[in-house]
Amino acid sequence: MGRDLKSEQAVIGSIMMEPDCIDLVKKYIPNGSYFVDKNLGRILDAVYKMHDAGQVIDLTTVYDTVPDIAYLLSEVMDALVTTAHVEEYAKMVRDSYARRALKKLITGVNPLDTKKYNTPLDAVTEIEKSIRGIEQIIQNAEEMSALELVSTCLDDIEKDMEQGQNKNILSTGFKDIDRLLLGIELTENVILAARPSAGKTSLAQCIALNIAKKGGKVLFFSLEMSKKRLMNRLFSIEGKINSEKIRTRNFSEEEYSRLIDAASTLSNLNFIIIDDAFNLSEIKSIVARHSAKGEVALVVIDYLQLLRESGRKFQNRQVELGYYANEIARMAKMYGTRTITLSQLSRAVENRDDKRPRLSDLYESGAIEAAADIVLFLYRDEYYNPDTEDKGIAEIGVAKTRDGATGSCRLAWVGDYYFFGNLAKGR
């Protein structure tokens, strides 16, 4: 408590010496409850109230406001060495408060209390909610001046110039998508939408596989298919093996050799498939755990409409999906990763002559679109027109992007392998 008391005294002393620093202190300490010493906290609240009322703040006026504890003011002034470090003092008080709140959280949640927490997930949800509040305490105050921000960004640019690339941007592995998007940048939230069975899971797998092959850690959350089924698809994609052969186990010698090679490649990738997390709280907990061990390059969630959140009620389905979309975007920023969230399109597509998706086709569209940095649509003409000349071709529409350009590009599609690839020029 000695260190806490000294920093709290230093904050009060700095305010008494230089009342103009109150706004700076408020950025880190919104009220006196942040103090361990409750009497010093009362003095801080009194000073804030005087400041808001436009009153003069000095030893005399503060003494008159809190006469029963005014004796502390002399102790505070005797302890103060300099006001030059008031921001550091305020940060110390803020950080100490956050640590105490975290300690209280750890000791206050008893997962064995089955009356209060019906399931283990309820306890996890309570912990996450509290941690989010503590994170907010710290993050709210972390502002940067224009000079600090310019310096930080310039340093990043110069370091990337030395390496010849922007380390925050990852290639999708598809040159024409990258041409439009400029790659997927750190903290970006991508929505990939299509009608059922159009191939969005396969496209997400191909992008994830390309990133994993470059050394990135990928977390692939499957809410629909089992991890074994997804791995069998990866065997098809990587080994260029007909998916029916995977299912029937009827391989030629050459196909089996490709299967073994694919298995060897995949086993050395940091590509983790999770098929038993259906609540967003579970997903965030897993991402947090992996992020604590090192950078997670990409998180894929397949798919948005299957997400649930226990213990939370929503006004309607649109509000619910909007909540999930926003929380996923927030998760990308919080844990410094990138997210691709798959989403269904509404049946409105089927009622038009031109079946190419539009933003209005996003299932319960408004909030999902708003939460996305990038919205990609997958369209295959042969899905609707079996006799089309564009067999084996998929169109990727970039309907929204905060950077880069909107537009569309085409990829090769080999359904037997669940494979998307760069399209040869001229097609």
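The values are calculated or read from the model by the stated rules, or taken from the named source; none is laboratory data. What you are looking at is a predicted structure, and each value in this text was computed from that prediction instead of being measured. Neighbour counts are summed over all protein chains in view; Cβ atoms, including those assigned to glycine, are modelled from backbone coordinates with ideal geometry.
Brief remarks on what is shown
- The strands (runs of 3 or more DSSP E) falling completely within segment 257-374 include none with 2 or more residues that are under 17 Å from residue 187 (Cα atoms), modelled with pLDDT of 85 or more and in contact with an Asp or Glu (Cβ under 6 Å, 6 or more places away or on another chain).
- Segment 194-210, subset crowded, with 24+ Cβ neighbours inside 10 Å and under 24 Å from residue 326 (Cβ atoms), residue farthest from the chain's Cα centre (by Cα): 194
- Enumeration of residues in segment 398-427 that are of a type outside the set (Lys, Arg) and more than 21 Å from residue 237 (Cβ to Cβ): 398, 399, 401, 403, 404, 405, 406, 407, 408, 426
- Annotation: residue 405 fulfils all but one of (1) assigned to a loop (DSSP other than H, G, I, E, B); (2) aliphatic (A, V, I, L, M); (3) surrounded by 17 or more Cβ atoms within 10 Å (Cβ to Cβ); the unmet one is (3).
- For beta carbons closer than 6 Å, sequence separation of 6+ or different chains, a first residue in segment 251-277 that is aromatic (Phe, Trp, Tyr) and a second that is at pLDDT 90 or above, the qualifying pairs are 271/212; 271/218.
- Which listed residue, of 3, 94, 42, 99, is crowded, with 20+ Cβ neighbours inside 10 Å and either in a helix (DSSP H, G or I) or at pLDDT below 85 (or both): 94
- Residues in segment 16-39 that are assigned to a helix (DSSP H, G or I), among the β-branched types (Val, Ile, Thr) and touching a residue at least 60 places away in the same chain (Cβ under 8 Å): 25 alone.
- Test result for residue 395, closer than 30 Å to residue 235 by Cα, acidic (Asp, Glu), in contact (Cβ under 8 Å) with a residue 24 or more places away in the chain and out of contact with any His (no Cβ under 9 Å at 6 or more places or on another chain): yes
- In segment 198-249, the residue that is farthest from residue 176 (Cα to Cα) out of those that are outside any loop (DSSP other than H, G, I, E, B) and acidic (Asp, Glu) is 244.
- Scanning segment 167-193 for residues that are surrounded by 17 or more Cβ atoms within 10 Å (Cβ to Cβ) and at negative phi yields a total of 17.
- Selection count, segment 157-197, where residues are in a helix (DSSP H, G or I), free of Cβ contacts under 8 Å to residues at least 12 places away in the same chain and charged (D, E, K, R): 5
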